[in-house]
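Notes follow the structure.
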Amino acid sequence: MRTPAFRTDGDEPVSGQASVDALVKLLDLTQVEELHFQGQNPLVGPMRVYGGQVAAQALVAAGRTVDPARLVHSLHGYFVRPGDPAEPIDYRVERIRDGRSFSVRRSVALQEGKPIFFMSASFHMQEKGLDHHDPPPPGLPGPEETPSLDELIAHYPERIGIWKAMPRPFDVRYLGAPGWLRPGDRQADPHNRVWMRMDGKLPDDPLLHACMLTYASDMTLLDSVLSVHGEVWGPGGVIGASLDHALWFHRPFRTDEWFLYDCWSPSAGGGRGLATGRMFTRDGRHIATAVQEGLLRRVGA
């Protein structure tokens, strides 16, 4: 599971509403100037800043410069440098266009004056029009019938210490094998599917819910590339990094209610893997689509 490897100092929230509130606070950027914002990082272990966090914070910065009546409908971003978790991140926003019904923004994340991520995001005044979507995959168990990560991790005692130290603002329940299983415990599967929701409640702010979905969309997407081959993250498998990320928002949703993230990989080659995923509410509404390409290398290669 490609979630951020947090460490705690004893009082750090681990799960439930406290962990959700901590993530909300993390996304509450400080406004330095009209188009300049600054974000902090959580206490983390020795690794780069989690990509979903940077994308979510970049969307917060962009969204705060747009009329709240215009909701984000798409974003496209590139990860260009690893983020240093010990340094704050500056977000510079450029107003590309404000039309009669659309607003477009460019949001650049910088550390020490160098870009680590940049994003274009488009916002739209909601309109009535044609409406259709494919149905979700049939016959899947619901989240209540799917083991929680606490139940799943109990079968891997070597990971329990790390798991208990990780704040978990999202309740994530795998319908198949997660990408961090030991080599030999994971079978090839064309899909990687999880139920997700925030492990607490959020305010009624559409931009905040969109930013939380952006944060979550990077958590399991590249797992689907590994899933095709029965591969795993880490020792005995591969290491990876997100290269780019695109997300389209189709219909209203809440990230503190269950949604299915159905991911698969149409192609991998040249050291890169492409993954795509659809998100559905419990009642079958298609709320978002994500596409990402990642760098994948054998451990030790």
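Where a number appears in this text, it was derived from the coordinates with a stated rule and is not lab data. Keep in mind that what you see is a predicted model, and the values were worked out from it rather than measured. Don't worry about glycine lacking a Cβ; one is built from the backbone with ideal geometry, like all the others, and counts go over all protein chains shown.
See the values below:
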quantity: Dipole magnitude of the stretch 233-301, debye to nearest 20 (Cβ charges: Lys/Arg +1, Asp/Glu -1, about Cα centre); calculated: 100 debye
quantity: Theoretical FRET efficiency, 1/(1+(r/R0)^6), r = Cβ-Cβ of GLU112 and ARG272, R0 22 Å, to 0.05; calculated: 0.20
quantity: Highest-MSF residue in the chain out of GLY236, GLY139, GLY200 [GNM, Cα springs under 10 Å]; calculated: GLY139
quantity: Choice from PRO266, PRO141, PRO82 with maximal GNM fluctuation in the chain (Cα, 10 Å cutoff); calculated: PRO141
quantity: Contour minus Cα-Cα distance for GLN38 and ILE239 (0.36 nm per residue); calculated: 69.4 nm
quantity: Dipole in debye (nearest 20) - the chain, about Cα centre, beta carbon charges: Lys, Arg +1; Asp, Glu -1; calculated: 700 debye
quantity: Alpha carbon convex hull of the stretch 243-301, volume per residue in cubic angstrom; calculated: 99 Å³
quantity: Among SER148, HIS209, LEU222 the positive-end extreme of the charge dipole of the stretch 98-256 (Cβ point charges); calculated: HIS209
quantity: Under the Karplus curve 6.51 cos²θ - 1.76 cosθ + 1.60, θ = phi - 60°, whole-Hz ³J(HN,Hα) for the stretch 134-142, x wherever Gly or Pro sits; calculated: 5, x, x, x, x, x, 8, x, x
quantity: Cα→Cβ-extended label distance, 7 Å offset, between ASP283 and HIS124, nm; calculated: 2.1 nm
quantity: Cα-projected label distance for ASP28 with ASP67, points at 7 Å along beta-carbon direction, nm; calculated: 2.8 nm
quantity: Long-range amide H partners of HIS191 with built H, under 5 Å; calculated: none
quantity: Cβ-derived FRET efficiency at R0 51 Å, ARG97 paired with ARG182, nearest 0.05; calculated: 0.55
quantity: Residues whose placed amide H lies under 5 Å from that of ASP199, excluding near-sequence neighbours; calculated: PHE170, ASP171
quantity: Around ILE96: net Lys/Arg minus Asp/Glu count, Cβ-Cβ under 14 Å; calculated: +4
quantity: Residue among TYR91, LEU295, PRO167 farthest towards the positive dipole end of the chain, charges placed on Cβ; calculated: LEU295
quantity: The stretch 27-78 and the stretch 244-289: distance between their alpha carbon centers, rounded to Å; calculated: 20 Å
quantity: Global geometry of the stretch 171-301, whether rounded, prolate or oblate, following the gyration tensor of its Cα atoms and the 1.5 cut on a/c; calculated: prolate
quantity: Hz values of 3J(HN,Hα) by residue in the stretch 277-292 - Karplus curve (6.51, -1.76, 1.60), Gly and Pro given as x; calculated: x, 10, 10, 10, 6, 4, 8, x, 6, 7, 9, 6, 9, 10, 9, 8
quantity: At R0 = 25 Å, FRET efficiency that the Cβ-Cβ distance of ARG48 and HIS76 yields, to 0.05; calculated: 0.75
quantity: Antiparallel DSSP beta bridges within the stretch 183-274, as percent of all bridges there, nearest 5; calculated: 90 percent
quantity: Label-to-label distance, nm, for residues given as HIS133 and SER148 (7 Å Cα→Cβ offset); calculated: 2.8 nm
quantity: Value of relative contact order over the chain, rounded to a whole percent, pairs C-alpha under 8 Å and six or more apart; calculated: 19 percent
quantity: For SER15, residues with placed amide H under 5 Å, excluding near neighbours; calculated: ARG168
quantity: Loop-resident sites, the stretch 22-131, for trypsin sites (Lys or Arg not before Pro), counting at most 12 other Cβ within 10 Å (DSSP); calculated: ARG100, LYS128
